Every structure is written in structure tokens, then in C-alpha cells.
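Report on one structure; see the data block that follows.
The values are calculated or read from the model by the stated rules, or taken from the named source; none is laboratory data. Values in this document were obtained by computation on a predicted structure and should not be read as measured data. Glycine gets a Cβ as well: all are built from the backbone with ideal geometry, and neighbour counts include every protein chain shown. Heavy atoms of the whole protein, side chains included, go into the accessibility calculation; ligands, DNA and RNA do not. Shrake-Rupley method; radii C 1.70, N 1.55, O 1.52, S 1.80 Å.
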Amino acid sequence: MPSAALAAAVCLVAVTVVLLGPAAGRLSQARWVERSPRTALVLWQTLLAAAFSCLVAALLTLAVAPLASPVPHGLHVFTRQVLAGEPLRDLGGVQLACLAGAIAVVGWSASITACAFVRQARRRRGHRRQVDLLATRNEDGVHLIDHAVPAAYCLPGLRPRIVITSGLVGLLDTRELAAVIDHERAHARGRHHLLLLPFSALASALPHLPAARAAHTGAARLVEMLADDAARERHGGAAVARALVRVAEGRAQAGPLPTSVLGAAEGALTARVRRLTRQASPIAPWQRALVYGAALALPAGPLAVLIPCMT
Amino acid sequence: MRLGELERAVMNELWTRPQGALARELAEALPSQPAVTTVLTILDRLARKELVRRERTGRAHRYFAVHSKEAHAADAMRLALGQAGDRELALTHFLDVVDPEDVAALRRLLQGIEGED
């Protein structure tokens, strides 16, 4: 096996390890994410996508190593072989194993995401039936359930439902209630459940990988901040913050609070309230541009390698 | 009126009648004034979903809600609030989980906000 290909593969695996180790750790601890949640969310997506594509690229590099050097040319030759209908020509046992590995990683990623989607949709269908049977619909389409525990959530789907309880209505004033409803509307409008889907799929498929958990927790918190910002825009930060505190108190009185399965809720609420009571201070435009540039470049990289052989 | 709407209306009527009701009584009570046969169809659907049970009284059936509305609401909220550990619903709550220590710190923060208003 050419040593250049091996070195390239080792480098790519090293990048994957760095991304899922120190980089994920740094990002989950970073304080700036509160200032620009959308940018931070893109960075989490980029990090996972990059780790994924580096791993696949490492396996592909090893698989096509004997075909030609340097590696990109090997990929060109391999692509031409695929197009010619004889993809496995000149590949040995090790190469075939690496190729199978690359296909397996891609297939596994697609299947855990698809399975998570189906699982969530099925579980939600039952709850949607309950809500539709029980709730009275306000004139603005909000579903109200008669229950003492103050709660508000978005039940996503083709026709998303915003659900609130009578306990919540009794607890908040008009402005706070409107802020909560707009927070949930932002979740529905932004299809945040789809945004979180790859994160939750990975976290439940690899519960022992710290990066998977950190990414899911981080993304879930950022999505809340996005919705907070939408509500803040219309009703002011103080109204959203007050609503958060009132609901937290109400829930504490209603009984034992559910503990997070993700295990990283500590201080999350305080962080949300604190940022709502301060003035918004997004990160500098050039920093945002850097993140979006990286997010564009990463998927473009592998394509750029392959395009010359198509033409 | 959609089927779901009618099911909801029938259930709400039954929930207010612990002594049960005949299909004819329900048809008369509903504001949309559906035909008795329509109500029977709806009741049949609800019975298949195990939301409604029936008892024979003479030539007709008397229908009852299997569980109270409160029980249904408690069940729905148990699911939604994730106390059963049901994360697969993937709901986006306004407020999901609270660290009990958060609440004390937040009370102080809240006093700060209200002072500004």
C-alpha cells in the first residue's frame, strides 16, 4: 500500500478524533454561543458533518490507494471504474474491506437518522390524538389542555400544534403568555425538531460517545435560545425571562421536577434568563462569516476532488 | 364537520355525563345537530379506540366514557412532560428541565428584573 495514502488516511482519522474530542469539548464550553445561537448551531452541524466526511474519506483513501497516486487521482480512477460498471477492478482484500467500511458508515448514518425520524413521528402520533381529543382550540389556533402543571410545548408535524395548559394561563399575565406562545411558534416555524433530528439520532445511537451527547445538548439549548430571541423581538426580553422564572417556580411547586436524560441541564435555565435580561450582543460579522465559510467549504471539498474526473 | 371534531364533541358530552348517555340523547345535545346514525358511527369508532364502553338498556345501548377527562389530561401531560422518560416525542418545551438550585437563583434574578420595570 502506498505510504502517501496511508499517511493521508491517518491524518483524516486524526482530524475526526480532534473534531469529536477537543473541538466538541471546546464548543460545548464556549460562552460566545449564547450571543449568536444560530451561528453556533451551524458550527455544531459543521463539526458533525466534517467528522463524518473525514472518516468516510479516510476509508475511501485506503480503498483506492492501489489504483493511482496521488489520492484524488485514485478516486477519479475509481469513479470511472464505477461508471464503466466494473468498480472492483484491481482492488485487493484490504481495499474491499475499507470500501465496505465507507459504505457502512454512510449507510449507518442514514439509517439511524431515518429510524429516529420514524420512531419520533410514531410516538408523537399517539400524543397528537390525545391532544386533539382533549384540547380546546383558541381563536389563534393554540391548543389548551385543562391541567394544573404549567407547561407549553410545540408538537411538531405537518400541521404543528402549540399546546399550553390551564396552569400556565393562570400563572402568567397576558404579555408573558403571548411571549411563551411566540416562543413555541418560533419552534414550529423554524422546524426545530428536524434541525435537532440528526443530533438526537446520533446521541441515542452512540450514548457513550461524549461528543454525541455534547452536540445534542448543545444544539437543544441553542434552539431554545433561538426561540427565546424570536419571542424577545416581539415582547421584550423581560417578559420572556419573567415567564421562564414563573414557569420554573410553578413546576417546582407542582412536584418533583423531571431530570434531564441528557444530563446537562445544570444552569441552562439560568443562562437563558441571564441572556434575556442583557442586551443582545452578537459576535462580529467576520467571525460569523468564518463559520459560514467553513460550513460551505466542508461539503464542497469532496465534490471538488471528484468533479475533474466527470468532465 | 370533520370526524375528529365530532369525536371530540361526543367525548366532551360523555365526560359531563358520568351516568352515561344514549346515542339519541347525544345527537340532541350536540350543537351541530348530527343524525343519530352519525353519532352511532362516531361512538363505534370511539369504542374501537377503547375510549367509550357501552351497556345494553332495553333496545338501545347506553354509552360511557371509559376514563374521565381529568385522567386523560393527566395521562397526556405525563407523556408530554417526560416524567415517564419519554424523550422520543422530541417536543420542544418552553421549559424542559429545571435544576432545583436554578429556581432559587432565578427568584433573585427575577426580583432584579421587576425592579427595573
**Request:** Six or more apart or on different chains, Cβ under 6 Å: which pairs go from a residue in the range A:194-210 that's under 15 Å from A:R119 (Cβ atoms) to one that's part of a helix (DSSP H, G or I) and of a type in the set (S, T, N, Q)? Could you list them?
**Result:** A:P198/A:T113; A:A201/A:T113
**Prompt:** If A:R31 satisfies every condition in (1) modelled with pLDDT under 90; (2) closer than 22 Å to A:A97 by Cβ but one, which is the exception?
**Reply:** (2)
**Message:** Given the criteria farther than 21 Å from A:R128 by Cβ, part of a helix (DSSP H, G or I) and either touching a Phe, Trp or Tyr at 6+ places or on another chain (Cβ under 8 Å) or free of Cβ contacts under 8 Å to residues at least 40 places away in the same chain (or both), does B:E28 qualify?
**Reply:** yes
**Asked** Quick one: would you say A:G107 is loosely packed, with under 13 Cβ neighbours inside 10 Å and under 30 Å from B:A71 (Cα atoms)?
**Response** no
**Prompt:** Scanning for something polar (S, T, N, Q) and more than 8 Å from every other protein chain (Cβ to nearest Cβ), does the range A:163-180 turn up at least one residue?
**Reply:** yes
**Message:** Test of understanding: among A:A49, A:A24, which residue is open to solvent by less than 20 Å² (accessible area, probe 1.4 Å) and touching a residue at least 24 places away in the same chain (Cβ under 8 Å)?
**Reply:** A:A24
**Message:** Of everything in the range B:9-22, what is basic (K, R) and open to solvent by less than 10 Å² (accessible area, probe 1.4 Å)? Give them in sequence order.
**Reply:** none
**Request:** Inspect all residues belonging to the range A:57-65 and state whether any of them is assigned by TED's automatic domain parsing to the domain that holds A:A297 and open to solvent by 50 Å² or more (accessible area, probe 1.4 Å).
**Result:** no
**Message:** Being more than 8 Å from chain A (Cβ to nearest Cβ), open to solvent by 20 Å² or more (accessible area, probe 1.4 Å) and either over 22 Å from A:L172 (Cβ atoms) or modelled with pLDDT of 80 or more (or both) is true for just one of B:E25, B:E88. Which residue is that?
**Reply:** B:E25
**Message:** Please determine whether any residue of the range A:222-244 is open to solvent by 60 Å² or more (accessible area, probe 1.4 Å), outside any loop (DSSP other than H, G, I, E, B) and modelled with pLDDT under 90.
**Reply:** no
**Message:** Exactly one of these conditions fails for A:A188: (1) crowded, with 23+ Cβ neighbours inside 10 Å; (2) facing another protein chain (nearest Cβ under 9 Å); (3) modelled with pLDDT of 90 or more. Give me its number.
**Reply:** (1)
**Prompt:** In the range B:44-64, which residues are closer than 28 Å to A:A152 by Cα and either part of a helix (DSSP H, G or I) or away from every other protein chain (no Cβ under 11 Å) (or both)?
**Reply:** B:L46, B:E50
**Prompt:** Is it the case that the range A:164-184 has a residue that's closer than 12 Å to B:A90 by Cα and within 19 Å of the chain's Cα centre (by Cα)?
**Reply:** no
**Request:** Within the range A:136-151, count every residue that is of a type in the set (D, E) and more than 18 Å from A:H187 (Cβ to Cβ).
**Result:** 2
**Message:** For the range A:82-124, give me the residue count where each residue is within 30 Å of B:L14 (Cβ to Cβ) and either aliphatic (A, V, I, L, M) or touching a residue at least 12 places away in the same chain (Cβ under 8 Å) (or both).
**Reply:** 2
**Asked** From the set of residues in the range B:28-50 that are β-branched (V, I, T) and farther than 22 Å from B:A71 by Cβ, which is surrounded by the fewest Cβ atoms within 10 Å (Cβ to Cβ)?
**Response** B:T37
